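Enquirer: Structure in structure tokens, see below.
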Amino acid sequence: MKLGVCWYPEQWPQSIWASDVRRMVELGLTFVRIGEFAWSRLEPEPGQFDWGWMDRVLDLCASAGLNVVMGTPTATPPKWLVDAHPGILARGRNGQVRHFGSRRHYCFSSDTYLGQACRITEAVARRYGRHGAITTWQTDNEYGCHDTVVSTSDAARAGFRIWLAARFGSIEALNTAWGLSFWAQEYRHWDEIDPPYGTVTESHPAHRLDWQRYSSDMVARFNQAQVDILREHAPGCDILHNYMGLFTEFDHHKVGEPMDIAAWDSYPIGFLGQGPFSPEEKRRYLRLGHPDLAAFHHDLYRGVGRGRWWVIEQQPGPVNWAAWNPAPAAGAVRLWSLEAFAHGAERLSYFRWRQAPTGQEAMHAGLLRPDDQPAPGFAEAATVIGELGALGPPPETERAPTALIFDYDSIWGLQAQPQGRDYDGLAQAMRWYGAARQLGLDVDIVPPGADLAGYKLVLMPASLFVDDGLAARLAASGAHILAGPRTGAKTQAFAIPADLPPGALQSLIAIKVARVESLSPGIVLPAGNLGSVIGWMEDIDTSASTEVLDSLYDGRPLWIAQSRCHYLAGVPDVALLGHVIADIAARAGLATENLPAHVRTRRRGGLRFVFNYGDTDVTIDRPLRLGVSPIPPGGVAAFDDLGDQPWPH
């Protein structure tokens, strides 16, 4: 894994650029990311380009042997462009214009902005597409950050109507598919359809779902246009985008299809406060982040990148954008970096080289302080560089035996009609992922269209939509399957299936969901001695071909199985979920372990890494390739994996 840094030379005097590059090389960094916010410096006046400063930056990098990731600068359209074309600005769900003065101030549906974004992308790519220092291009920056996927602009309104006409063919078909005879919501023609916001009570869930689908497609359209330009003018270079954590507003698999690499911005402490974690977990992991937070996204984006993925922004210290911004624990930056390596990252870059003294991110730490002195993350980056060098060539990242299906469309469907106010598809996926990892299982996170052959265990925590194709792939995979509640609960048109949920999954397990109930926080339904159900419970009609493996206290079937397919009719608590996954993993021939709550592991080739997110030492009885035993709090160790269970005690 190569290490680099995000660098913003346009924000600093040219007199220190050469020193910056020299110090990066001395530290052991091998690449920089630049340019993603530089539009106003590259084109200070309409059609008037200033290439001189960027030429010098790239030549400095080339002479020092630093590779460059060049960003297209489309996340920050300059003021002159906004003034000339105010219609490019997005409107929020409340209809208010989102003005110039920060970043991401554009609407994905705007054809005018798409044209301007293509123009600047082509200008930059023509100038630098064959520059020897540039190996990789990044499109834009953090699509959707600051809630910018959904827009209610005039362009979005018009674009949605065109999208609907292409999807349904006729207004009559749309009325039927959405079921708009309910509450007399039928439309006569496409121009009557508005954004699904600002209604008296909740708007139609199918309308909201399709608006999200349309908005996601506009992100994909925007990205594809830049990729096409870069392919033409920067042949041989890889292309990536930097995705975010805890973000599901567009389909990352669809956006990622034309690109070579999936990258993401890893801020374990920044995301902790925003994540689906309890107050006690947020206190416990205040300075390291939750043990499954970064890892979940590593495995998610490895799937989006079809095996190739980076961390393009790694938190090196306190951030500026969370509600509260604690400092990382000593060793945290090292742990996060090595965890990315263990999950197969090709590259990792720290954000940023030097802390800025001004602007919205002035309080965001870098590897250097504003006075040019090393910040704490600097020394930890140096340690990681030394340790990776000592490990030698990285082993290949192998396919995990367990797959977790993650479907953005299902996440949107659950948001459109949660039925329980706190029902959260992303949270369910992360809980299942964490339960599997606490059993010592490595997990691949895959889209619903993935080839499932070869997996021994497939987890489906939030698969609201199950079509015949997915059911067939599940059946053909040979894997043992665990489906959670609400699996197959809706058709693509967002109706309850005619034969009731779980829809097409009934070809694998002959059950029907007869009734559902959602439960407010604090309501617990005991399930024998194994644990409890919280939040959601379904009444299941079983059949002669199914077996009830566990029931609620009142006799309702909870865990139902037929051959290799298992179904959970309620949301399980941590204890119950762990028990069920361990049982099914054993049936699938997978060995499990009971790791301490604060310990996680990951295998990469013949190495097994151990990460201590707790506040006590962890001892391992194995010769170590990396780290020390006992592993201190916030520490990492690695050893040759012999396939047995040397487990920490």
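Enquirer: Quick one: which residues, 5+ away or cross-chain, put their amide H under 5 Å from the amide H of GLN185? H built at 1.01 Å from N.
Expert: For GLN185, whose amide H was placed from the backbone, there are no distant partners under 5 Å.
Enquirer: Let me ask something else about it. Using the Karplus curve 6.51 cos²θ - 1.76 cosθ + 1.60 with θ = phi - 60°, what ³J(HN,Hα) values do you get for each residue of the stretch 486-499, in whole Hz, with x for Gly and Pro?
Expert: Couplings: 6, 4, x, 7, 9, 7, 4, 7, 6, 10, 5, x, 4, 9 Hz.
Enquirer: Taking Rh as the Kirkwood radius computed over C-alpha pairs, what is the Stokes-Einstein D of the chain at 4 °C in a medium of viscosity 1.567 mPa s, expressed in µm² per second?
Expert: Values: Rh = 26.1 Å.
Rounded to a whole number, D works out at 50 µm²/s.
Enquirer: Take the Cα gyration tensor of the stretch 390-537, multiply each eigenvalue by 5, square-root it, and list the three semi-axes largest first, rounded to whole angstrom. Write out the running numbers ahead of the final one.
Expert: Working: eigenvalues 151, 81, 43 Å².
Three semi-axes, in Å: 27, 20, 15.
Enquirer: Moving on to the next point. Report TYR455's accessible area, 1.4 Å probe, all protein chains in place, as a number in Å² to the nearest 10.
Expert: 10 Å²
Enquirer: Determine the per residue accessible area of the stretch 353-393 with all protein chains present and a 1.4 angstrom probe, expressed in square angstrom. Don't skip to the answer; put the middle values down first.
Expert: Details: 1930 Å² over 41 residues.
So the stretch 353-393 comes to 47 Å² accessible per residue, rounded to a whole number.
Enquirer: Normalised by the residues of the stretch 296-431, what does the relative contact order come to in percent, with Cα pairs under 8 Å and at least six apart? Spell out each step's value before the answer.
Expert: Details: 145 pairs, mean separation 27.9, N = 136.
RCO, the stretch 296-431: 21 percent.
Enquirer: Diagonalise the Cα gyration tensor of the stretch 65-129 and give the resulting equivalent ellipsoid semi-axes, square root of 5 times each eigenvalue, largest first, whole Å.
Expert: Working: eigenvalues 136, 33, 19 Å².
The three semi-axes for the stretch 65-129 are 26, 13, 10 Å.
Enquirer: While we're on this one: Could you rank the peptides 479-488, 498-507 by their average count of other C-beta atoms within 10 Å per residue, with the highest value first?
Expert: Values: 479-488: 25.7, 498-507: 19.0.
Averaged packing, sorted descending, gives the order 479-488, 498-507.
Enquirer: Here's another thing I want to ask about it. Can you order the peptides 49-56, 277-284 by their average number of other Cβ atoms within 10 Å per residue, highest first? Could you put the intermediate results ahead of the total?
Expert: Numbers: 49-56: 14.2, 277-284: 12.6.
Taking the mean over residues of other Cβ atoms within 10 Å, the ranking is 49-56, 277-284.
Enquirer: Follow-up. Per-residue HN-Hα couplings for the stretch 201-212, Karplus 6.51 cos²θ - 1.76 cosθ + 1.60 at θ = phi - 60°, whole Hz, x for Gly and Pro?
Expert: Those phi angles translate into 10, 4, 6, 5, x, 5, 5, 5, 5, 5, 4, 5 Hz.
Enquirer: Shifting gears a bit: As a test question: what accessible area, to the nearest 10 Å², does LYS512 have when a 1.4 Å probe is rolled over all protein chains in place?
Expert: 70 Å²
Enquirer: Another question, then. Per residue of the stretch 614-623, what does 6.51 cos²θ - 1.76 cosθ + 1.60 with θ = phi - 60° give for ³J(HN,Hα)? Whole Hz please, x for Gly and Pro, Karplus curve as stated.
Expert: So the J values, rounded to whole Hz, are x, 10, 10, 5, 10, 9, 10, 8, 8, x.
Enquirer: In nm, give the distance between the simple-model label positions of ASN94 and SER520, each being 7 Å from the Cα along the Cα-to-Cβ direction.
Expert: The two pseudo-label positions are separated by 2.8 nm.
Enquirer: Okay, helix-only estimate at 222 nm for the chain: each DSSP H run of n ≥ 4 adds -39500 (n - 2.57), divide by all residues, round to 500 deg cm²/dmol; what do you get?
Expert: On the way: 18 runs with 206 residues, N = 649.
My calculation for the chain gives -9500 deg cm²/dmol from helical runs alone.
Enquirer: Another question, if that's okay. In terms of modelled amide H atoms, which long-range or inter-chain residues lie less than 5 Å from the amide H of ASP50?
Expert: For ASP50, whose amide H was placed from the backbone, the distant partners under 5 Å are GLU43.
Enquirer: Restricting to Cα pairs below 8 Å that are 6+ residues apart, what does the relative contact order work out to for the stretch 94-231? Please round to a whole percent.
Expert: Answer for the stretch 94-231 is 37 percent.
Enquirer: I need the shape label for the stretch 395-478. Rule: rounded when a/c is under 1.5, else prolate if a/b > b/c, else oblate, with a, b, c from the alpha carbon gyration tensor. Spell out each step's value before the answer.
Expert: Details: a/c = 2.45, a/b = 1.35, b/c = 1.81.
Oblate, because a/c is 1.5 or more while a/b does not exceed b/c.
Enquirer: Mind ordering 428-437, 410-419, 262-271, 320-329 by average Cβ neighbours within 10 Å, highest first? Provide the component values of the computation, followed by the final result.
Expert: Details: 428-437: 23.5, 410-419: 20.5, 262-271: 26.0, 320-329: 14.9.
Descending mean neighbour count gives 262-271, 428-437, 410-419, 320-329.
Enquirer: How compact is the stretch 130-228 by the rule of thumb for globular proteins, expressed as Cα Rg over 2.2 N^0.38 Å?
Expert: Working: Rg = 17.3 Å, N = 99, 2.2 N^0.38 = 12.6 Å.
Normalised Rg, Cα atoms only: 1.37.
The values are calculated or read from the model by the stated rules, or taken from the named source; none is laboratory data. These numbers were taken from a predicted model, which means no experiment stands behind them. Note: ideal-geometry Cβ built from the backbone for every residue, glycine included; neighbour counts use all protein chains shown. Areas reflect the complete protein model, heavy atoms only, side chains present, ligands, DNA and RNA absent. Shrake-Rupley method; radii C 1.70, N 1.55, O 1.52, S 1.80 Å.
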